[in-house]
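The values are calculated or read from the model by the stated rules, or taken from the named source; none is laboratory data. All of these numbers come straight from a predicted model, not from anything done at the bench. Every residue, glycine among them, receives a Cβ derived from its backbone with ideal geometry; neighbour counts consider all protein chains shown.
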């Protein structure tokens, strides 16, 4: 239904696909969450995955980061199937991507600085002095250099998220996955995070995969967008194409219209029948 | 008789399913334990990362110093109760002095480790399940895993190691306190001399009694910590899931401890 979108090449395709999903199905007790997803992400681009709640976008992200083995299909990161490689190789792959979790997911038993330092200390053989400097640099990126010694429980939600981002950047990953980066943030902080995502991509060539349903931010950061609906990719293209699309699903979602092909009500039984049953 | 056959089949199915569930659970516990042991022993040697002792100290403090008050209270009172109940029976035979022997042996071989374990299911098992469960819910465990920091090494090893080190010590102290409870009854209520009570206790105890008690304490501690961790990792859903895990951790620890106690007591009785 979106042939005109899919046929166009992405704007910033600069190399091979470093993420390659093929025929991914996920089902929990007979309920299909993802239904045949084929998705490629190219080096250096920022891909935004759009979708309403329940569209399967969080599940898709979990499959991508190696946390949920799909019922069917393959997921290759940097050319290696992450559900087939041995544990040691998977761990090596894991160092090449970072994740910003929805609520930060900081290690609550450690101070902010240690949240970042632990990754560097465990994975790179560096001296304490260098680690200290690196931690400060990462925190400076998100503007929280003074908060190194606070515990996560002492931070606000937005600050936790920024520390989460600093932690995702700790090992200078090649890919960063963002799970709803703007959710629960004030407009300024959300803007700052958007700018960071763009800077990382433009200046450092970091590949970004962003799961979100916030259109404003999506249009700001995306090189390419895909939209999920009921476990399928129903459209993909550039932000410009999404803005001008004739696809009623995309149009309704982008403009946030209450009426359209995407129903608010999810019941299969007729309302009247249900009441009188 | 068709109904009867159907009920029988249902019962058989149910029993089968539960047995399989039990086997799977035991298997998961065993795997978790071997994984934790690997990270304690082989892992550090292979340069896969040191054992995080400083994390372990936090847990050691919780299950030793901070639990000591309640452990002492419970054990002292149970010592008193045990001695009084024994005296009630032994009085009719005119041999109340034997409460020293009985309390000593019962505390050392059984009551000390068992009661400490019961206190620990609440003090440690539930706490571990709630902690790890909350970490699962807040995606902290996922964040560890995806950062190639194995959750077993960072979460399970410090807790299991802490119990392995601390449980025998706590159990030993608890046993002393329990015996002290019996001594209080003997000295204050039955008019036994202090030296006599102590002598009778020491006479009736062998190293084997102490040793088997310590083995039990160690095993109980490991079981409780592992079940707490496993329940925590298995949390799904939000706060409700954490609550369920906490309850499960306590209930399953109690059952596991009692079953292990039965088996080991029988083993020690016949083979040691």
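Taking the conditions exactly as written (crowded, with 18+ Cβ neighbours inside 10 Å and assigned to a helix (DSSP H, G or I)), does residue A:202 satisfy them or not?
no
Consider segment A:123-143. How many of its residues are surrounded by 19 or more Cβ atoms within 10 Å (Cβ to Cβ) and within 14 Å of chain B (Cβ to nearest Cβ)?
1
Just wondering, is there one or more residues in segment B:181-188 that are touching a residue at least 12 places away in the same chain (Cβ under 8 Å) and within 30 Å of residue B:231 (Cα to Cα)?
Looking through segment B:181-188, none of the residues is touching a residue at least 12 places away in the same chain (Cβ under 8 Å) and within 30 Å of residue B:231 (Cα to Cα).
Which of the residues that make up segment B:44-72 are in contact (Cβ under 8 Å) with a residue 60 or more places away in the chain and under 11 Å from residue B:170 (Cα atoms)?
Residues satisfying the conditions are B:60, B:63, B:64, B:67, B:68, B:71, B:72.
So for segment A:35-46 (the condition being within 14 Å of another protein chain (Cβ to nearest Cβ) and under 22 Å from residue A:178 (Cβ atoms)), does at least one residue qualify?
no
Please give the helices (runs of 4 or more DSSP H) falling wholly within segment A:238-277 in which 2 or more residues are modelled with pLDDT of 80 or more and either surrounded by 10 or more Cβ atoms within 10 Å (Cβ to Cβ) or touching a strand residue (DSSP E or B) at 6+ places or on another chain (Cβ under 9 Å) (or both).
A:239-244, A:248-255
What number of residues within segment B:159-194 satisfy the criterion of being buried (at least 21 other Cβ atoms within 10 Å of the Cβ) and either under 23 Å from residue B:41 (Cβ atoms) or within 14 Å of chain A (Cβ to nearest Cβ) (or both)?
7
Restricting attention to segment B:123-138, and to residues there that are buried (at least 23 other Cβ atoms within 10 Å of the Cβ) and over 19 Å from residue B:237 (Cα atoms), which single residue is nearest to the other protein chains (Cβ to nearest Cβ)?
If we take residues in segment B:123-138 being buried (at least 23 other Cβ atoms within 10 Å of the Cβ) and over 19 Å from residue B:237 (Cα atoms), then B:124 is nearest to the other protein chains (Cβ to nearest Cβ).
Among the residues of segment A:158-199, write down those that are surrounded by fewer than 20 Cβ atoms within 10 Å (Cβ to Cβ), in contact with a strand residue (DSSP E or B) (Cβ under 9 Å, 6 or more places away or on another chain) and free of Cβ contacts under 8 Å to residues at least 40 places away in the same chain.
Of everything in segment A:158-199, just one residue is surrounded by fewer than 20 Cβ atoms within 10 Å (Cβ to Cβ), in contact with a strand residue (DSSP E or B) (Cβ under 9 Å, 6 or more places away or on another chain) and free of Cβ contacts under 8 Å to residues at least 40 places away in the same chain, namely A:172.
How many of the residues in segment A:85-101 are assigned to a loop (DSSP other than H, G, I, E, B) and within 19 Å of the chain's Cα centre (by Cα)?
Qualifying residue count for the region: 3.
Examine segment B:139-150 for a residue that is more than 10 Å from chain A (Cβ to nearest Cβ), buried (at least 21 other Cβ atoms within 10 Å of the Cβ) and either in contact (Cβ under 8 Å) with a residue 40 or more places away in the chain or part of a helix (DSSP H, G or I) (or both), and state whether such a residue exists.
No, because not a single residue in segment B:139-150 is more than 10 Å from chain A (Cβ to nearest Cβ), buried (at least 21 other Cβ atoms within 10 Å of the Cβ) and either in contact (Cβ under 8 Å) with a residue 40 or more places away in the chain or part of a helix (DSSP H, G or I) (or both).
Out of everything in segment A:103-119 that is in a loop (DSSP other than H, G, I, E, B) and more than 7 Å from chain B (Cβ to nearest Cβ), what residue ends up being surrounded by the most Cβ atoms within 10 Å (Cβ to Cβ)?
Top of the filtered list is A:106.
If you check residue B:130 against the conditions, is it under 15 Å from residue B:226 (Cβ atoms) and in contact with a helix residue (DSSP H, G or I) (Cβ under 7 Å, 6 or more places away or on another chain)?
When the stated conditions are applied, residue B:130 does not pass them.
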